[in-house]
Amino acid sequence: MAGNTLTTQEYISHHLTNLTFGKLPEGYQRHSADGHQELLLADQWTMAHSAQEAADMGFMAVHVDTMFWSIILGVIFCWSFGRVAKNVTSGVPTGFQNFVEMIVDFIDENVKGIFHHTNAMIAPLGLTIFVWIFLQNLMDLVPVDWIPWLAQQMGVHYMRVVPSTDVNATLGMSLGVFILILYYSIKQKGLGGFAAELAFQPLPKWALPFNLFLEVVGLIAKPISLALRLFGNMYAGEMVFIIISLLPFYLQWTLSVPWAIFHILVITLQAFIFCILTVVYLAMAYDHH
């Protein structure tokens, strides 16, 4: 797509920039692609026209492409699995029903092997996390220029199609898991019991400051490691595909096909790891020390 008109650095930067909506402050100097400059006379909520504008929008900016593809893939998951559940048959099942049942059984068996408590939400949560993240990761196999080129034809400057390559998305999912960890820890042990677990384990009670420091760090590290592991692996995979797309055409297919085949393992494994660690952390929230 842009490789014919952009330098290598500009091409990579373009593919790594999210479609961002946010607020530019009064007095901000905007620069368009054709060199036109505009001085904002008031605060303005708008789409960013460059990576610098996206950065200047600050914390409250929204990555529209990440939100769009996350929601679309979530809807596809809910619709397709819901349709199978609604039309399930005990006779000769369709191929897709067999596929869905295989995934459900696989996640259910893994959850039962890890989570030994009673909570009807854990298995569906694990299934949702696994399939949703897998679908997000799967978008990495779409050739890197196809959807951004189509978006440009519709006047959209940027379009990243892999939500899990956006650290905001992976942190959002991991923070959701973290909230559940805190909720079930307090629900099962009480606020005092949870606080005592942080303060008095595993060292003797006189070592309360050390216990508290170690346990709080370990607790906070759970969502951070969940988010960064998924983000790091998927971002690296995206970078490899972008670099391959800069090579001559005959080398692109020579390298991209084996990398895509290997990447299928990566995207599946990362979805599975996020799912299983979520179940493990929730099981630990239930366990009494």
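Bear in mind that the values in this text are calculations on the coordinates, not laboratory data. Given the structure is predicted, the values throughout are model-derived calculations rather than measurements. Note: ideal-geometry Cβ built from the backbone for every residue, glycine included; neighbour counts use all protein chains shown.
Take the Kirkwood radius over Cα pairs of the stretch 43-178, plug it into Stokes-Einstein at 25 °C and 0.890 mPa s, and you get 139 µm²/s for translational diffusion. Taking the Cα centre of the chain as reference, the dipole from Cβ charges on Lys and Arg (+1) and Asp and Glu (-1) amounts to some 780 debye.
Kirkwood analysis of the Cα pair distances in the stretch 1-106 returns a hydrodynamic radius of 17.7 Å. Each stretch of four or more DSSP H residues adds -39500 (n - 2.57); spread over every residue of the chain, this sum gives -23000 deg cm²/dmol at 222 nm.
Within a straight-line Cα-Cα reach of under 20 Å, LYS86 can be paired with the following aspartates and glutamates, leaving aside sequence neighbours fewer than 8 residues apart in one chain: GLU101, ASP105, ASP108. Each label point was placed 7 Å from the Cα along the Cα-to-Cβ direction; for TRP45 and LEU175 their separation is 1.9 nm. If the segment from VAL62 to TRP259 were pulled out straight at 0.36 nm per residue, it would be longer than the present Cα-Cα gap by 67.8 nm.
When Lys and Arg each count +1 and Asp and Glu each count -1, what net charge do the other residues less than 13 Å away from GLU197, Cβ to Cβ, add up to? Spell out each step's value before the answer.
Details: positive: LYS189, LYS205; negative: GLU215, ASP287.
Overall, the nearby charge balance is 0.
With 5 Å bins beginning at zero, the pair-distance distribution over Cα atoms of the stretch 2-62 amounts to 4, 18, 24, 24, 16, 10, 4, 0 %. One equal scatterer on each Cα of the stretch 103-236, no solvent, Debye formula: the resulting log10 I(q)/I(0) at q = 0.10, 0.15, 0.17 Å⁻¹ is -0.50, -0.90, -1.04.
Distance between the modelled labels on VAL156 and GLN188, one decimal in nanometres: 4.1 nm (7 Å Cα→Cβ projection).
In terms of overall dimensions, the chain has a Cα radius of gyration and Dmax of 22.9, 68 angstrom.
Extension gain, HIS288 to LEU214: 0.36 nm times the residue separation minus the Cα-Cα distance gives 24.8 nm.
How far, in nm, would the chain grow between GLU101 and VAL266 when pulled straight, counting 0.36 nm per residue and subtracting the alpha carbon separation? Write out the running numbers ahead of the final one.
Working: separation 165, 0.36 × 165 = 59.40 nm, distance 2.25 nm.
Working it through step by step, the gained length comes to 57.2 nm.
For the stretch 20-116, GluC sites (Glu not before Pro) meeting the loop criterion (DSSP other than H, G, I, E, B) and having at most 11 other Cβ atoms within 10 Å: GLU26. Of the DSSP H helices in the chain, those with a Cα length along their own long axis of 27 Å or more and a mean Kyte-Doolittle hydropathy reaching -0.5 comprise 64-86, 95-114, 167-200, 208-245, 249-286. Across the stretch 1-114, C-alpha contacts under 8 Å between residues 6 or more apart give a mean separation that, scaled by the residue count, equals a relative contact order of 22 percent.
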